[in-house]
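Visitor: Can you read through this structure? Questions will come right after.
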Amino acid sequence: KNTLTQIKSTYKITGEPVIFSLPSHSTFNRLIKLPPVEEAKFPEIVKYEAQSQIPFNIDEVIWDYQYVERDYAPGEEKEVILFAIKRDIVEQFLGNIADLKFNTEAVQFAPVALFNFLLRDQDMKGATVALDMGGDNTDLIVIDGTKFWVRNLPITGNDITKALQKAFNIPFEEAEKLKLKAGQSQQAQKIFNAVQPVLRDLVNEINRSMGYYKSISKTSKFDQIILLGNSTKTLNFQKFVSQSLQLPAIRVQKLNTIQVGGGVDPGDLNENLATIGTALGLALQGMEPTTNKVNLLPDIYRKKKELKRNQPFIVAACAALYLTVGLAWYKQDDEIGKLR
């Protein structure tokens, strides 16, 4: 909240639309297949499926879905990605920042925003795995054309830091610095030996996820893995993951289709590209039609926004009504005068 207050003040944010994302570990997503029915019946069938697929009472969640737009063969089942989050999580988050008076346009999942960015700006060859590894959250996103699948992994950047903390008997903060600057250390080999068990567990989780996705979508192979998040900059991380998975492991090197304003420092931008993909995806959703348009903003907020949006029309309608009544009264008064 303090950070948002500072950002609001620094960039003088007033009525501009704002889109927030929530981490994937608090959300539910599932790729489901539906019978090939008429488009008009789709919402009804999806709602029925949502009630059986979402592992919570449907009244306790905010849910939405995304139809996978691709070429379907005649009679082929339609694919839909279902999303849900406990209502109280969203309402508590928005309630905590209510006094900042942001013009909240949408609530999205962080990995979905990242998917929108990667699909819009980066070269997605065939089926791609994107690994976004932060300090306390790791998301694995399978991107398969306009279709995707998300899994939250139990191994995070903090696990790497703790392994270094234990191996070198140093405070957590020092271990964090060592993790990011291991390549400049004279003890590089010892550092890698300390984190290797964590990386091995991570690779096993990635392999399991890829195997599961193949079983539900019949994808024959993956072409690459994209590494995002500061934790993936750990010494030999890229090489170890690539060799273990037998896949090219790449990083986001530049923006390909998104134009950058003149006030942005190119060096800072390139240094942080691995960590701002989610924010870029949220910005894209606010500015143009994106592949995934899911919005988990609670109904009460949507109705308030709709009412605020319609206020000028309501005022204009009231003024027109008042004027009409006034003119009618004046005309009637004039005619009564003539009759007298």
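The values are calculated or read from the model by the stated rules, or taken from the named source; none is laboratory data. Quick caveat: nothing in here was measured; it's all calculated off a predicted structure. Methodologically, a virtual Cβ is constructed for each residue, glycine included, from the backbone with ideal geometry; neighbour enumeration extends over all protein chains shown. Just the protein is used for accessible areas: all its heavy atoms, side chains included, with ligands, DNA and RNA removed. Shrake-Rupley method; radii C 1.70, N 1.55, O 1.52, S 1.80 Å.
Visitor: Check the straight Cα-Cα distances from residue 303 and name the aspartates and glutamates below 13 Å, setting aside those fewer than 8 residues away within the same chain.
Guide: 105
Visitor: Here's something else I'd like to know. Rg(Cα) of the chain divided by 2.2 N^0.38 Å?
Guide: 1.29
Visitor: Ratio of alpha-carbon Rg to the 2.2 N^0.38 Å globular estimate for segment 136-197, to two decimals, please.
Guide: The reported ratio for this selection is 1.41.
Visitor: Specify the longest stretch of the chain that does not include any exposed loop site, a site being one of the GluC sites (Glu not before Pro) with a non-H, G, I, E, B DSSP assignment and at most 14 other Cβ atoms within 10 Å.
Guide: 78-340
Visitor: Among 181, 41, 233, determine the one that fluctuates most according to a GNM of the chain built with springs between C-alpha atoms less than 10 Å apart.
Guide: 41
Visitor: Compute the relative contact order of the chain as a whole-number percentage, counting only Cα pairs closer than 8 Å that sit 6 or more residues apart in sequence.
Guide: Relative CO of the chain lands at 20 percent.
Visitor: Another question, if that's okay. ³J(HN,Hα) across segment 71-83 via Karplus (A = 6.51, B = -1.76, C = 1.60, θ = phi - 60°), whole Hz, x for Gly/Pro?
Guide: Each residue's phi maps through the Karplus curve to give 7, 9, 6, x, x, 6, 5, 8, 9, 9, 9, 9, 10 Hz.
Visitor: Quick one: the Cα spread of segment 96-251 along its three principal axes, in angstroms, biggest first?
Guide: Principal-axis extents of segment 96-251 (Cα, largest first): 50, 45, 24 Å.
Visitor: Return an integer: the convex hull volume of the alpha-carbon atoms of segment 16-144, in Å³ per residue.
Guide: Values: hull volume 19.2 nm³, N = 129.
Taking only Cα atoms, segment 16-144 has a hull volume of 149 Å³ per residue.
Visitor: Separate question: Based solely on its DSSP helices, what 222 nm [θ] is calculated for the chain when runs of n ≥ 4 H residues each add -39,500 (n - 2.57) and the sum is averaged over all residues, nearest 500 deg cm²/dmol?
Guide: After summing the helix terms and dividing by the residues of the chain, the value is -15500 deg cm²/dmol.
Visitor: Oh, and also: Identify the chymotrypsin sites (Phe, Trp or Tyr not before Pro) of segment 36-109 meeting these criteria: DSSP loop state and at most 13 other C-beta atoms within 10 Å of the C-beta.
Guide: Taking segment 36-109 and a limit of 13 other Cβ atoms within 10 Å, the loop chymotrypsin sites (Phe, Trp or Tyr not before Pro) found are 56, 72.
Visitor: What does the accessible area per residue of the chain come to in Å², with a 1.4 Å probe and no ligands, DNA or RNA counted?
Guide: About 57 Å² of surface per residue is accessible.
Visitor: Separate question: Only Cα pairs within less than 10 Å get springs; with that Gaussian network setup on the chain, which residue of 184, 122, 165 has the largest fluctuation?
Guide: 184
Visitor: With θ set to phi - 60° and the Karplus curve 6.51 cos²θ - 1.76 cosθ + 1.60, what are the ³J(HN,Hα) couplings of segment 249-265 in order, to the nearest whole Hz, using x for Gly and Pro?
Guide: For segment 249-265, the Karplus curve yields 9, 10, 10, 6, 8, 7, 8, 9, 10, 8, 7, 10, x, x, x, 8, 6 Hz.
Visitor: A follow-up question, please. How much net charge surrounds residue 61 when only the other residues with a Cβ under 15 Å from the Cβ of residue 61 are counted, with Lys and Arg +1 and Asp and Glu -1?
Guide: -3
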